[in-house]
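Please read the structure below before turning to the comments.
The values are calculated or read from the model by the stated rules, or taken from the named source; none is laboratory data. Since we're looking at a predicted model, the values are computed, not measured. Don't worry about glycine lacking a Cβ; one is built from the backbone with ideal geometry, like all the others, and counts go over all protein chains shown. Surface areas here come from the heavy atoms of the whole protein model, side chains and all, with no ligands, DNA or RNA. Shrake-Rupley method; radii C 1.70, N 1.55, O 1.52, S 1.80 Å.
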Amino acid sequence: EAQVTQNPRYLITVTGKKLTVTCSQNMNHEYMSWYRQDPGLGLRQIYYSMNVEVTDKGDVPEGYKVSRKEKRNFPLILESPSPNQTSLYFCASSLAGGLEAKNIQYFGAGTRLSVL
Amino acid sequence: AQSVTQLDSHVSVSEGTPVLLRCNYSSSYSPSLFWYVQHPNKGLQLLLKYTSAATLVKGINGFEAEFKKSETSFHLTKPSAHMSDAAEYFCVVSDERTYKYIFGTGTRLKVLA
């Protein structure tokens, strides 16, 4: 079954404790992306990756890091989480972006993060 | 720069009546436009997309949207609302020059019995 898998689904942590949210897709998609969803703000893009070893900032990258060492995986890293990073996070993938922006994105089920 | 404005944060309709969710966009290049739906505590599902083919786009569950370049709009409609349509709806824009996807702030649709 084609899917985007995020782990964990729920996470409670404390300020400053490094964490990683994993994202994996089994569709051989080139493009992957992370979003955060906050009430009244919709989804905002954090980082995206056009392919292996190619990543770029979205609209709200501060406090986050990503890596794309393999095509299928795109982990989101919070080196020193703060309470303002409490949010619902979604990973997404699509066949390609940019010139192929017409390709639809497939979303993971989401990770609800609380930073105390 | 790209942007998306969803003109209503909340819309309430009675079951069986038409649905209209409004979206205006801004893009310097030929845009791709999408509508996604998010049911409570669920992920996002694509309803439909526009990618410079037919201006009237049909999606799943009876939804459709019309791309109007002169009005820079991409409103979502459905002739007859069903209780199961209650959800949050997001309009999204991207274009061939950028790898970014810009989401609107969402419209929460409530369907009254």
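General remarks:
- Residue list for the stretch B:4-45, filter: of a type in the set (D, E, K, R), at pLDDT 90 or above and open to solvent by 70 Å² or more (accessible area, probe 1.4 Å): B:Glu15, B:Arg22
- Residue in the stretch A:59-81 that is touching a residue at least 40 places away in the same chain (Cβ under 8 Å) and basic (Lys, Arg) present: yes
- Residue count for the stretch A:25-48 under the criterion of being free of Cβ contacts under 8 Å to residues at least 60 places away in the same chain, more than 9 Å from chain B (Cβ to nearest Cβ), surrounded by 16 or more Cβ atoms within 10 Å (Cβ to Cβ) and in contact with an Asp or Glu (Cβ under 9 Å, 6 or more places away or on another chain): the result is 2.
- Test: residue in the stretch A:72-92 that is open to solvent by less than 60 Å² (accessible area, probe 1.4 Å), away from every other protein chain (no Cβ under 13 Å), in a strand (DSSP E or B) and small (Gly, Ala, Ser): yes
- Of all residues in the stretch B:46-80, those that are without any contact (Cβ under 8 Å) to a residue 12 or more places away in the chain, surrounded by fewer than 18 Cβ atoms within 10 Å (Cβ to Cβ) and outside any loop (DSSP other than H, G, I, E, B) total 3.
- When the stretch B:81-113 is filtered for residues that are over 16 Å from the mean Cα position of the chain (by Cα), more than 14 Å from chain A (Cβ to nearest Cβ) and either in a loop (DSSP other than H, G, I, E, B) or surrounded by 15 or more Cβ atoms within 10 Å (Cβ to Cβ) (or both), the ones remaining, listed by number, are B:His82, B:Val111, B:Ala113.
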